[in-house]
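What follows draws every value from the coordinates through simple rules; no lab data is involved. All values derive from a computational prediction rather than experimental measurement. For neighbour counting, all protein chains shown are included, and Cβ atoms are generated from backbone atoms with ideal geometry for every residue, glycine included.
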Amino acid sequence: MYNILIGGAAGQGIETTAAILQKFFTNSGYHVFAVRDFMSRVRGGHNFTLLRISKDNVYSHSLKLDGIVAFNEETVQLHLPELKPDGFLLCDSTYTVEDNRKIAINMVALSKELGNPRFAGMIAMGALLKLFGEDLSHADKVLRQFIKEQFVESNMLALNRGQELVESRIVPFGSKDKDKIILSGNQALALGAIAAGLRFYSAYPMSPSTTILEYLASKGDAAGIVVEQAEDEIAAINMAIGASFAGAPAMTGTSGGGFCLKVEALGLSGMAEIPLVVVDVQRPGPVTGLPTRTEQSDLKFVISASQGEFPRMVIALRNHTDAFYQTARALDIAERYQIPVIILSDQYLGDSTASVEPYDLSKIKVMRPLDVEDVAEGEYLRFRYTENGISPRLIPGKTKNFVTADSDEHDEFGRITEDAEVRTRMMDKRMSKLESLKLELQEPEYVGAEDCDTLIVGWGSTYGPIIEAVSLLNQEGSEKFGALLFGDIYPLPQRLLKEKASIAKRIVNVEQNATGQLADLIREQTGIRCWESILKYDGRQISGEEIADRIRREVV
């Protein structure tokens with residue numbers, strides 16, 4: 001397994017270079033994971049991508065570097081201390097750093113000689129591929145996915161010049177799996193929605209959720225989806241509710257600040273029993289916070305958002321495979337239970353890219369359009385009292401029945417009422433959906449020693465780092481470690497948690513927030529207390545090594 005950092009200033013082509021390299025290595029059969037670290041500016045500042053490649057599955061990033069590709073000297077100064085003793089530093093020959101790991105190439109001078117300073121990235125890429133023993137046999141095919149046809153030949157020339165500057169030094173990793181696709185977490189989420197039959201998506205651009213809007217817009221015509229960039233967050237969620245009321249499976253997306261503005265309309269979805277999926281790709285707050293950084297601080301907020309009480313579900317996406325299948329499942333649950341379903345992701349998962357197994361479409365339940373035959377003949381009660389709380393739903397305009405929705409309390413017909421008995425029965429009807437929903441909750445995934453001494457709990461994108469931490473810790477001493485990794489998070493699945501908690505000597509919570517929100521939720525719902533919380537809230541994702549080190553120092 002190799003960890004490569006590609007760094008420089010915004011505008012130097014770091015993102016493009018990293019994306020092309022990921023495609024190269026994926027096409028060669030390697031498992032790839034890449035995470036971007038970038039500042040909230042168009043030019044300047046320090047940006048970098050951490051690229052991890054392996055013949056085995058890769059779950060997250062690592063801060064222990066096997067190689068650095070530096071597009072400016074600031075990258076060298078900031079990251080050289082993280083480079084392993086046997087690592088390499090690939091940089092321009094003009095850089096003044098003295099280090100025996102340095103591989104100096106004259107990429108800046110050569111790029112000017114080739115007529116375009118931007119070729120420096122291609123020259124460095126060619127050199128890096130050569131270091132890994134990769135040839136350029138499929139390079140033109142890869143480049144055509146990122147570069148216009150008229151520029152492919154000149155970029156191929158730059159790649160070849162880079163290969164001429166170095167010698168291979170890393171032995172290829174042996175067996176390779178070529179049956180992989182590579183995509184970001186936000187792209188995986190969008191694809192899951194498409195596969196499930198999404199028909200309407202509305203959003204106001206807000207980092208780090210914007211790439212969902214961009215991706216769905218690029219695929220909307222082909223997939224038969226109406227994609228609307230709204231004038232604000234309130235309009236976006238109300239458009240989605242309107243589309244859903246009219247029979248189109250609908251979703252809206254934002255980040256935490258935008259979710260704040262959507263809260264009243266979320267309550268409308270709950271009261272009017274209109275299916276809705278809301279995506280919150282979290283970033284540090286409050287208010288503007290850190291627009292291009294990551295955090296897990298919206299959990300309690302989305303569980304209780306909007307005044308009053310109504311059934312909802314909260315699903316946290318754990319990885320790029322989860323993002324696809326759980327988004328499809330969220331749309332299905334919203335439609336069947338006629339409730340809002342909130343998907344929690346974050347900047348780390350949303351912007352990171354990974355190679356994954358091709359998705360199995362046979363596992364996806366594609367939503368069918370509502371049909372008049374769904375309701376038996378006779379008087380139509382939109383909010384009829386039922387045993388499971390789910391009432392018959394029709395599309396307005398496609399039936400002779402009167403179809404209504406209201407934000408006021410209402411009777412079975414949908415007529416406004418203030419009757420005390422009706423209010424109580426209608427609240428009970430809506431809330432009873434949770435009992436059925438609890439029967440199809442997915443238990444958290446368990447990894448590690450079967451009978452663990454220390455049980456780690458986490459949710460969402462801490463999935464990969466926690467898996468790596470458990471693996472590291474179980475290689476040391478006699479202490480046994482295990483972890484429960486939550487995807488379905490509200491209502492909280494409890495069976496496996498209670499089972500593992502009864503065995504473990506201590507429970508350690510790992511989260512990307514300042515207050516340990518999962519630990520609070522577990523205690524509130526089950527009475528189980530976490531021994532300690534490993535928290536990080538500086539906007540950067542915690543790594544497996546960090547978790548393992550802090551557990552060694554602070555817990556065990």
_Could you order the peptides 228-240, 308-320, 131-143 from most to least packed, using the average number of other C-beta atoms within 10 Å per residue?_
308-320, 228-240, 131-143
*For region 1-66 versus region 94-140, the gap between their alpha-carbon centres in whole angstrom*: 16
*Where in region 174-241 are there trypsin sites (Lys or Arg not before Pro) that are in a DSSP coil and have at most 12 other Cβ atoms within 10 angstrom of their Cβ?*
LYS178
*What distance in nm separates the simple spin-label points at ASN116 and LYS498, each placed 7 Å from Cα in the Cβ direction?*
6.4
*For LYS102, list the lysines whose Cα falls under 28 Å from its own Cα; do not include residues on the same chain fewer than 8 positions away.*
LYS23, LYS55, LYS64, LYS84, LYS112, LYS130
*Which FRET efficiency value, to the nearest 0.05, is calculated for THR16 and THR404 with the Förster distance at 51 angstrom and r the Cβ-Cβ distance?*
0.45
_region 37-88 shape via C-alpha gyration tensor axes, a/c threshold 1.5_ = oblate
*asked:* Whole-Hz ³J(HN,Hα) for each residue in region 347-362, computed from phi via Karplus 6.51 cos²θ - 1.76 cosθ + 1.60 with θ = phi - 60°, x for glycine and proline: what do you get?
replied: 4, 4, 6, x, 8, 6, 10, 8, 8, 9, 5, x, 5, 9, 5, 5
*Which length gain, in nm to one decimal place, applies between ALA420 and GLU149 when the Cα-Cα distance is subtracted from 0.36 nm times their residue separation?*
90.6 nm
_Sequence ranges 391-397, 149-155, ranked by mean other-Cβ count within 10 angstrom, highest first_ = 391-397, 149-155
*asked:* For Cα pairs less than 8 Å apart in space and 6+ apart in sequence, what is the mean separation divided by the residue count of region 370-440, i.e. the relative contact order in percent?
replied: 31
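For the chain, list the DSSP H helices whose alpha carbon atoms reach 30 Å or more along the long axis and whose average Kyte-Doolittle value is 0.0 or above?
Membrane-span-like by this criterion, though nothing is claimed about a membrane: none.
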_log10 of Debye I(q)/I(0), alpha-carbon scatterers only, for the chain at 0.08, 0.11, 0.13 Å⁻¹_ = -0.58, -1.01, -1.30
*Rounded, prolate or oblate: pick one for region 116-252, where a ≥ b ≥ c are the square roots of the eigenvalues of its C-alpha gyration tensor, a/c under 1.5 means rounded, and failing that, prolate if a/b is larger than b/c, else oblate.*
prolate
